[in-house]
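Structure, as structure tokens:
The values are calculated or read from the model by the stated rules, or taken from the named source; none is laboratory data. Keep in mind the model is a prediction, meaning the values are calculated, not measured. Don't worry about glycine lacking a Cβ; one is built from the backbone with ideal geometry, like all the others, and counts go over all protein chains shown.
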Ligand code: NAD
């Protein structure tokens, strides 16, 4: 069985302790590869390499065109290996092949997008600011932030890493990436692609390993300037604590329990399609999944009936089987977590409309049928807590105000969606939803060009778009005294 390696200072190396752990295919519950288990020693080597590559250059001071050319080589490398990387992503995570291909295609595009943005940002140059005193000239510019520690989850294993690695490299930072121990393989392939793209040694480093053994030493490392994290709110809190100890910049993309408000004038098939895409796509392992659906009461019974019928028609199976739209849950721990959430839901007064456990007749694999609960009590854990699986809760509402109150009643604020034929109403609701990403008449389509991130416990900072690039730049002002005479505070300006 193949064992991956770490990538430190431009070379593939075994971890200092020589340990490794299994990569499990969730469709078969069998191991198919071994992953290098990096530890504190490896993290320290990687961070020092990244530090040297930043401090001694040339990466941060290269013209943007040179960095952009490297990013475009990476994009081309990903595209050239797209079917192979997508197949690995499917074997590791369980998602259907077409979804994996979509992710990997997106990952290539993110590198291309930030290549362009880096060039445009450099062309824009510094800004001169009028400070209201003609004896001074102030300019404001940005420069690379430094060494980035990127810690990422398993739901979009390569794409979530690339959302950080691409803008960080484009901005002139150097990076140590620590992907999730549950899905590390596509990031190991990313390291191969980057190795072939001829970046200076130390600019990009990969440490695979567990959260406590590899993630924690990275978030604690004093030579790291910024921690860029995507994962659970619980781990995000630990990352922020570590960042606070070292006064490091931090960006957090955390969990969610996003609402989808559907008014009665919506087309029922469009509503059902987007509800399903909002919660069953990627097995519901989506931070922005619209897992709380609010339906105007007059549409509620018909919509539930149509949703049940459509959910029960979804083809469930291994991600590499043709026509499959719902693969297995990523891992045994996550499967157990989702099953426990469903069991807790069944113990409430909520009505189980569909699913609620393993699909019938399936013996092997971490499969869970698309699950729909209705009439869910507002205090129930299934209504309030992130499940991160194919489980949706649907409740009725009577007025727009009530829908908004219910929608905003959450500690989370990553995303929200609204559907109605009345676009003015959509605009009104969109403006009042307390979340960083709002979808109107759809749920989930995500574009590289627009900022991504959450309010409240869903995170701090933004990825993607221009904001995602600026998040890896420091802002600097240079203020010049232009007068020929002394300033006159201590010395008389009239004195020669
Ligand atoms: P997780 O928090 O368990 O793990 C995320 C990463 O943190 C992994 O690499 C893990 O090894 C590492 N980690 C764990 N403990 C650590 C520690 N003590 N110190 C440093 N690193 C540590 O999350 P997960 O289960 O991999 O991912 C699912 C979560 O991610 C969900 O809550 C989901 O909502 C969230 N998510 C958010 C977004 C977003 O954009 N907001 C996107 C994808 C996923």
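Condition (residue is without any contact (Cβ under 8 Å) to a residue 40 or more places away in the chain, part of a loop (DSSP other than H, G, I, E, B) and closer than 22 Å to residue 157 by Cα) applied to the stretch 33-44: is it met by at least one residue? The answer is no; no qualifying residue exists.
Conditions (1) in a loop (DSSP other than H, G, I, E, B); (2) buried (at least 21 other Cβ atoms within 10 Å of the Cβ); (3) within 16 Å of the ligand (Cβ to nearest atom), marked per residue:
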| residue | (1), (2), (3) |
| --- | --- |
| 328 | yes, yes, yes |
| 340 | no, no, yes |
| 348 | yes, no, no |
| 356 | yes, no, no |
| 392 | no, yes, yes |
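Among the residues that make up the stretch 202-222, is at least one of them modelled with pLDDT of 95 or more, more than 12 Å from the ligand (Cβ to nearest atom) and in a helix (DSSP H, G or I)? No, the stretch 202-222 contains no residue that is modelled with pLDDT of 95 or more, more than 12 Å from the ligand (Cβ to nearest atom) and in a helix (DSSP H, G or I). Just one of the listed residues (382, 387) is outside any strand (DSSP E or B) and free of Cβ contacts under 8 Å to residues at least 60 places away in the same chain, namely 382.
Answer yes or no as to whether residue 154 is outside any loop (DSSP other than H, G, I, E, B), modelled with pLDDT of 95 or more and either over 17 Å from residue 43 (Cβ atoms) or over 13 Å from the mean Cα position of the chain (by Cα) (or both).
So residue 154 fails the test.
Taken over the stretch 429-440, the criterion of being closer than 19 Å to residue 271 by Cβ and part of a helix (DSSP H, G or I) is satisfied by 429, 430.
For residues that are surrounded by 19 or more Cβ atoms within 10 Å (Cβ to Cβ) and more than 18 Å from residue 64 (Cβ to Cβ), scanning just the stretch 110-153, find the one that is nearest to the ligand (Cβ to nearest atom). Once the filter is applied, the top-ranked residue is 153. For the criterion of being farther than 30 Å from residue 427 by Cα, without any contact (Cβ under 8 Å) to a residue 40 or more places away in the chain and not in a helix (DSSP H, G or I), residue 199 fails.
Of the residues making up the stretch 237-249, those that are in a strand (DSSP E or B) and within 6 Å of the ligand (Cβ to nearest atom) number 0. Residues that are surrounded by fewer than 23 Cβ atoms within 10 Å (Cβ to Cβ) and touching a helix residue (DSSP H, G or I) at 6+ places or on another chain (Cβ under 8 Å) are absent from the stretch 202-210 altogether.
In this structure, is residue 392 under 30 Å from residue 29 (Cβ atoms) and touching a residue at least 24 places away in the same chain (Cβ under 8 Å)? Yes, satisfied. Looking across the stretch 442-458, the residues that are in contact (Cβ under 8 Å) with a residue 40 or more places away in the chain, within 13 Å of the ligand (Cβ to nearest atom), farther than 19 Å from residue 409 by Cα and assigned to a loop (DSSP other than H, G, I, E, B) come down to 444, 446. Residue 351 falls short on exactly one of the conditions (1) farther than 27 Å from residue 232 by Cβ; (2) in contact (Cβ under 8 Å) with a residue 40 or more places away in the chain, and that condition is (2). The single condition among (1) touching a helix residue (DSSP H, G or I) at 6+ places or on another chain (Cβ under 8 Å); (2) within 28 Å of residue 455 (Cα to Cα); (3) outside any loop (DSSP other than H, G, I, E, B) that residue 310 does not satisfy is (2). Residues considered: 166, 234, 228. Of these, the only one that is within 28 Å of residue 59 (Cβ to Cβ), in a helix (DSSP H, G or I) and within 16 Å of the ligand (Cβ to nearest atom) is 166. Of all residues in the stretch 70-92, those satisfying the criterion of being touching a helix residue (DSSP H, G or I) at 6+ places or on another chain (Cβ under 6 Å) and in contact (Cβ under 8 Å) with a residue 60 or more places away in the chain are 71, 74, 77, 78, 85, 88, 89, 90, 92.
Which one is nearest to the ligand (Cβ to nearest atom) among residues in the stretch 426-441 that are farther than 22 Å from residue 272 by Cα and touching a helix residue (DSSP H, G or I) at 6+ places or on another chain (Cβ under 7 Å)? Walk me through how you get there before you give the answer.
Our first condition is that a residue be farther than 22 Å from residue 272 by Cα; within the stretch 426-441, this holds for 428, 431-432, 434-436.
Filter once more, keeping what is touching a helix residue (DSSP H, G or I) at 6+ places or on another chain (Cβ under 7 Å): 432, 434.
On the way: 432: 21, 434: 15 Å.
Filtering first and then ranking leaves 434.
Report yes if residue 230 is touching a strand residue (DSSP E or B) at 6+ places or on another chain (Cβ under 8 Å) and modelled with pLDDT of 95 or more, otherwise no. Considered against the rule, which asks whether it is touching a strand residue (DSSP E or B) at 6+ places or on another chain (Cβ under 8 Å) and modelled with pLDDT of 95 or more, residue 230 comes out as yes. Scanning the stretch 285-298 for residues that are away from the ligand (no atom under 16 Å from the Cβ), touching a strand residue (DSSP E or B) at 6+ places or on another chain (Cβ under 7 Å) and assigned to a loop (DSSP other than H, G, I, E, B) yields a single hit, 297.
The residue pairs whose first member lies in the stretch 206-218 and is free of Cβ contacts under 8 Å to residues at least 24 places away in the same chain, whose second member is within 9 Å of the ligand (Cβ to nearest atom) and not in a strand (DSSP E or B), and whose beta carbons are closer than 9 Å, counting only pairs six or more residues apart or on different chains, do not exist in this structure. For the stretch 250-270, filtering for residues that are outside any loop (DSSP other than H, G, I, E, B), in contact (Cβ under 8 Å) with a residue 60 or more places away in the chain, away from the ligand (no atom under 16 Å from the Cβ) and surrounded by fewer than 24 Cβ atoms within 10 Å (Cβ to Cβ) leaves 1. Can you confirm whether residue 357 is within 25 Å of the chain's Cα centre (by Cα), more than 20 Å from residue 257 (Cβ to Cβ) and touching a residue at least 12 places away in the same chain (Cβ under 8 Å)? So residue 357 does not fit the description; no.
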